[in-house]
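Below you'll find the structure I mean.
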Amino acid sequence: MTKIRLRPYHPTYIVANFGAGGAPETSRARKGFDGVNDKIKANPCAAEIEIVQCHDDVCEGCTRIFEQESGSVWGERKSCSSAEDPEIVASVNRINARMLKLFGLNFGDRIMLVELAEILSRKLPDIDDDLLGGTQRNEDYHKGLGKLLSYQQ
Ligand code: SF4
């Protein structure tokens, strides 16, 4: 089993990156996204996602995360530019709530990536929000969903 921690709004990016073979060069969290993509590529059927509220495996490779003794709204001893901006935090809370409802999951729940892809294909056939990666990623997203669904048994 390959365990991957993701915030609720990150799976659409993960799927699009899997479809494209990697994260866009312009992504500030490219290192984190590509690290997750490498784990998935090694064995897509073994990828288990834990849905978390705090900074996740993508954030660990983001250029905007930094150590902070007092922590932040998204975890202990770490913060980032987004965590320090109340408007961004409110937007992330909104999109997280939407995606949790769509997935039928809560923070702390675990689900296999191929099962999550199946839910996304039914309930979110197209990316429709910039916080989910933006509509410009739809071609990659559709490709990634198709690849992941091919692994379903
Ligand atoms: S800006 Fe913050 S929340 Fe966004 S990916 Fe980077 S570390 Fe994660």
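The values are calculated or read from the model by the stated rules, or taken from the named source; none is laboratory data. Everything numeric here is computed off the predicted structure, so don't read it as measured data. As a convention, Cβ positions derive from the backbone with ideal geometry for all residues, glycine included, and neighbour counts pool all protein chains shown. Please note that ligands, DNA and RNA were not included when accessible areas were found on the heavy atoms of the full protein model with its side chains. Shrake-Rupley method; radii C 1.70, N 1.55, O 1.52, S 1.80 Å.
Here's the yes/no breakdown for (1) more than 24 Å from Pro24 (Cβ to Cβ); (2) without any contact (Cβ under 8 Å) to a residue 24 or more places away in the chain:
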{"site": "Glu69", "(1), (2)": "yes, yes"}
{"site": "Asp128", "(1), (2)": "no, yes"}
{"site": "Gly133", "(1), (2)": "no, no"}
{"site": "Gly144", "(1), (2)": "no, no"}
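Also, I was wondering about something else. Could you tell me how many of the residues in region 85-104 are crowded, with 16+ Cβ neighbours inside 10 Å and either assigned to a loop (DSSP other than H, G, I, E, B) or of a type in the set (Val, Ile, Thr) (or both)?
Summing the residues that are crowded, with 16+ Cβ neighbours inside 10 Å and either assigned to a loop (DSSP other than H, G, I, E, B) or of a type in the set (Val, Ile, Thr) (or both) in region 85-104 gives 2.
Now for a different question. Hey, does region 9-21 have a residue that's free of Cβ contacts under 8 Å to residues at least 40 places away in the same chain, out of contact with any helix residue (DSSP H, G or I) (no Cβ under 7 Å at 6 or more places or on another chain), assigned to a strand (DSSP E or B) and open to solvent by 20 Å² or more (accessible area, probe 1.4 Å)?
No, that holds for no residue.
Please count how many residues of region 31-84 are open to solvent by 80 Å² or more (accessible area, probe 1.4 Å), within 11 Å of the ligand (Cβ to nearest atom) and touching a Gly at 6+ places or on another chain (Cβ under 8 Å).
2
Ok, one more. For region 106-116, does any single residue satisfy the condition of being of a type in the set (Asp, Glu), farther than 24 Å from Lys39 by Cα and away from the ligand (no atom under 16 Å from the Cβ)?
No: region 106-116 contains no residue that is of a type in the set (Asp, Glu), farther than 24 Å from Lys39 by Cα and away from the ligand (no atom under 16 Å from the Cβ).
What about Gly146, is it open to solvent by 30 Å² or more (accessible area, probe 1.4 Å), among the small types (Gly, Ala, Ser) and assigned to a loop (DSSP other than H, G, I, E, B)?
Judged against the criteria, Gly146 is not a match.
Can you confirm whether Gln152 is outside any helix (DSSP H, G or I) and not small (Gly, Ala, Ser)?
In short, yes.
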